[in-house]
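In what follows, a single structure is set out as structure tokens and then discussed.
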Amino acid sequence: MTIIHYDIAAVVITVLSIFVYFRKKEASKLQNKIFLATLFSCLLAGIGAIGGFYTANGRPGLSFVPVVFTSLYMFAHNLTPLLFTAYIMVLIGINKKHKKKFFFIFFAPAILSLLLILTSPFSKLIFYYTSSVYNRGPLMPVLYSVAVLYFLLDFYYIIRYHSIIPNSTEAVFVTFIFSALISVVVQMLFPSMLIELFVQSVVLLFILLTIENNGEIYNGTTHVYNRRTFLLENLKSIEGNLTYQIILLKILNIRYFTKMFGFRFIQEVLQDIASYLCTLAGKDVVYDCENGNFALILYRDMQVKSGDIVDSLYRKFSHEWISHDISLTFEAQICRIMVPRDANSLENLINLIDTNDFKTENRISIIQEEQLRYMQRKAAIETAIEKALRENTLKVYFQPIYDCEKNKITSAEALVRLIDEDLGFVSPDEFIPIAEKNGTITAIGQFVFEEACHIFSREKLKEIGIEFIDVNLSTVQCMHKNLAEIFKNTLEHYGLTSKTINLEITESAAINSQETFQQTMKDLRGMNFSFSLDDYGTGYSNATYIFNMDFSVIKIDKSILWEAEKRESARIILRNTIRMIKEMNLKIVVEGIETKEQKELVVSLGCDYCQGYYFCKPVPKEQFIEFTKKFNFPS
Ligand code: C2E
Ligand code: CA
Ligand code: CA
């Protein structure tokens, strides 16, 4: 005797699930739609099974009724594996990756099954009734094989994309597949126990309450997808190696307007903007990335429209935005990002969304490809810096400094070197400003300081004529209150005094009037560190102010020397600069000396020290010691 109660229970549960599904407000994604289809296929299969059961022994004239019901059951039930696989594909995002051809092959087995079922009342290949008794047809195993095929595909996707499926989701999938397999086995062993549908309905309810219950995918204000959804969507697509586009709309002065007109009003404005974007490109591509940043994600065919969308946005935001009779003049940036060309990781993307670094002249501007490339380079450098700090692969090179009077090398400047596996040699001129912005300069500076101490204490530099090492100090380092304390401890650790290190700060740093900065400088001076003023002549600071600041050495920037070689007027400036500094009783270094003529020029003008490629480039410690020995003690 067939037990039908499980199927009745399945129908009840599924009706409940469908009810819950429609209570949810926002469910417009393809994922949601496929899920709903799966619920309906479960419901129809249940109805078919129950109908078939109760009409099997019906009146002779109505023998077609159980056949219709059974066909319905078979049809709906065999649709499920296909729907479920499609559901997994959409959830992972790989449906966007596959070409049209793939879908022909993907749907083919299911279509074969369904055709066999629909023709079975005539062909009797799948099932048939003989005097009200249900019989399996010879091709029944085809249906099972097709189902197994889709299950295998599910397994493949879950294993292959394991890294991008959230653990909870994965657990649900695996539960589903296993319970489906078990129920099939049970049903094969005990044909009267119709539990397949029951198990399916329970698991669907389970999915509804877990994966599909993502009420947090929308932004509460603008009712489009929120930032988190945006990030998840991109994570999926980047990991799936998709090529797609993102159009970013950054409204720069939204904060200002919030202050001016109040939170409520601006929320309404943001809502209007979101709706505008939805009408422009479709609701399922619009994301609110917060703080006045909106994004559109365009896959496949949508990409050809991106140029038009950018143009429309540009035109729209070139005009004032009118809301409740108030006209708002937005400052906006529109940016088309090609993934992965312009951003190949989620970090890159987050960076592009949150950055204020796009420099633009006009109120409304379209961010150009070069700017995106710069941002990507910057991000790559940030990664390289962090990696170098983590793996301790930064190097310090030393560039000898020549004492004109003694005709000897008496000091050296410590210069940091970043050599990255992917980027190769990165110039400090490029990465130091980035490190200053993200704060890693503090660790870099400390590393260089320690290396300078290290070489001084280990290599007996005094014996070869080196009196001290120059270390560059960034303003950002000086904003740390305990910098002097840290330097003191480091010196003590190496058994050195502050006389072995001379700190270089640039002209632009020296005029920093912030209290912490000034206090740190005072503390360092209190520890008897001496200071050089670096890059003198590149800023436009007031000379008297600078010279009041107790520098022992002024380093004239290389650009001043190089100009002086070219033009008489620049030579006059160099001559007078040197004269003025000498009259103040300060020592002078000229850097960037590349030729004998340059050296002779600056020596004739009375410069005290020279630094430049003419003597030696910055080199690793061993080479520096080698060079200095040879130079100072020629045999
Ligand atoms: P800087 O402090 O002015 O350092 C001198 C720069 O001039 C060095 O560039 C050096 O290699 C280069 N140089 C010296 N002589 C010559 C020459 O004859 N010809 C030419 N063409 N160049 C010469 P480098 O090492 O690329 O460093 C660039 C800048 O990066 C430095 O300019 C400094 O501002 C910064 N920097 C380097 N290391 C550090 C560091 O450890 N800490 C901080 N805060 N900044 C650093
Ligand atoms: Ca320097
Ligand atoms: Ca310099």
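Some observations on this one:
- All lysines inside 24 Å of Lys24 as judged from Cα atoms, apart from same-chain residues fewer than 8 positions distant: Lys33, Lys283
- Per-residue ³J(HN,Hα) for the range 572-584, Karplus 6.51 cos²θ - 1.76 cosθ + 1.60, θ = phi - 60°, Hz, x for Gly and Pro: 4, 4, 4, 4, 6, 4, 4, 4, 4, 5, 5, 5, 8
- Cα gyration tensor shape of the chain, rounded if a/c is under 1.5, else prolate or oblate by comparing a/b with b/c: prolate
- Accessible surface of His454, taken over heavy atoms with a 1.4 Å probe and every protein chain present, rounds to 50 Å².
- Solvent accessible area, Å² - Val590, 1.4 Å probe, full protein context: 0
- Taking a ≥ b ≥ c as the square roots of the eigenvalues of the Cα gyration tensor, the range 362-420 is oblate, since a/c reaches 1.5 or more and a/b is not larger than b/c.
- Computed 3J(HN,Hα) for the range 409-426, one whole-Hz value per residue from the Karplus formula 6.51 cos²θ - 1.76 cosθ + 1.60 where θ = phi - 60°, is 7, 10, 7, 7, 9, 7, 10, 7, 10, 10, 10, 9, 4, 8, 8, x, 6, 10, glycine and proline marked x.
- Amide H contacts under 5 Å for Ile554: Leu533, Lys587, Ile588, Val589, restricted to partners 5 or more places along the chain or on a different chain, H placed in the peptide plane at 1.01 Å from N.
- Measuring against 19 Å, Cα to Cα, the residue pairs Lys462/Lys522; Lys359/Lys437; Lys437/Lys488; Lys29/Lys101; Lys395/Lys481; Lys587/Lys617 contain Lys462/Lys522; Lys437/Lys488; Lys29/Lys101; Lys395/Lys481; Lys587/Lys617 as the ones spanning a longer distance.
- Charge dipole (Cα centre; +1 on Lys/Arg Cβ, -1 on Asp/Glu Cβ; no other charges) of the range 202-344 amounts to roughly 220 debye.
- Surface per residue (accessible, 1.4 Å probe) for the chain, Å²: 50
- A cut-off of 5 Å between modelled amide H atoms, ignoring neighbours fewer than 5 places along the same chain, links Ala412 with Ile401, Phe468, Asp470.
- Under the simplified labelling scheme, the Asn362-Glu347 pair shows an inter-label distance of 3.5 nm, with each label point 7 Å from Cα along Cα→Cβ.
- Global geometry of the range 1-129, whether rounded, prolate or oblate, following the gyration tensor of its Cα atoms and the 1.5 cut on a/c: oblate
- Of the residues Asn502, Asn482, Gln519, the one whose Cα sits farthest toward the positive end of the charge dipole of the range 482-635, with +1 on the Cβ of Lys and Arg and -1 on the Cβ of Asp and Glu, is Asn502.
- Summary value for the chain: 9 percent relative contact order, contacts being C-alpha pairs under 8 angstrom separated by 6+ residues.
- Cα-based Rg / Dmax (Å) for the range 466-583: 15.8, 51
- Between 0 and 90°, nearest 10: helix 167-189 axis offset from the chain longest Cα axis: 20
- At full extension, Ser275 and Leu152 could sit 40.1 nm farther apart than now, given 0.36 nm per residue minus the alpha carbon distance.
- Couplings for the range 376-385, taken from phi via the Karplus curve 6.51 cos²θ - 1.76 cosθ + 1.60 with θ = phi - 60°, read 5, 4, 4, 5, 5, 5, 4, 4, 4, 5 Hz in order; Gly and Pro are left as x.
- Backbone N under 18 Å from the Lys460 label point (7 Å along Cα→Cβ), restricted to the range 489-504: 495-496
- Here the label points at Thr329 and Tyr314, each 7 Å from Cα along the C-beta direction, are separated by 2.1 nm in the simple model.
- Counting protein heavy atoms only, the chain has 58 percent of its accessible area on carbon and sulfur, 1.4 angstrom probe.
- Mean residue ellipticity, 222 nm, helices only, the chain: the sum of -39500 (n - 2.57) across DSSP H runs of n ≥ 4, divided by residue count and rounded to 500, is -18000 deg cm²/dmol.
- Zone of Arg300's modelled label, taken as backbone nitrogen in the range 334-352 under 20 Å from a point 7 Å along Cα→Cβ: 338-340
- Helix 196-209 and the long axis of the chain differ in direction by around 30°, with both axes built from C-alpha atoms.
- With the charge dipole of the chain set up from +1 on Lys and Arg Cβ and -1 on Asp and Glu Cβ about the Cα centre, the Cα lying farthest toward the positive end among the listed residues Gly612, Gln368, Thr175 is that of Thr175.
- In the chain, the longest principal axis of the Cα atoms and the axis of helix 140-160 are about 10 degrees apart.
The values are calculated or read from the model by the stated rules, or taken from the named source; none is laboratory data. No experiment lies behind these values; they were computed from the predicted model shown. Positions of Cβ are generated from backbone atoms using ideal geometry, with glycine treated the same way; all protein chains shown enter the neighbour counts. Ligands, DNA and RNA are stripped out before the accessible areas are found, and what is left, the full protein with its side chains, is counted by its heavy atoms. Shrake-Rupley method; radii C 1.70, N 1.55, O 1.52, S 1.80 Å.
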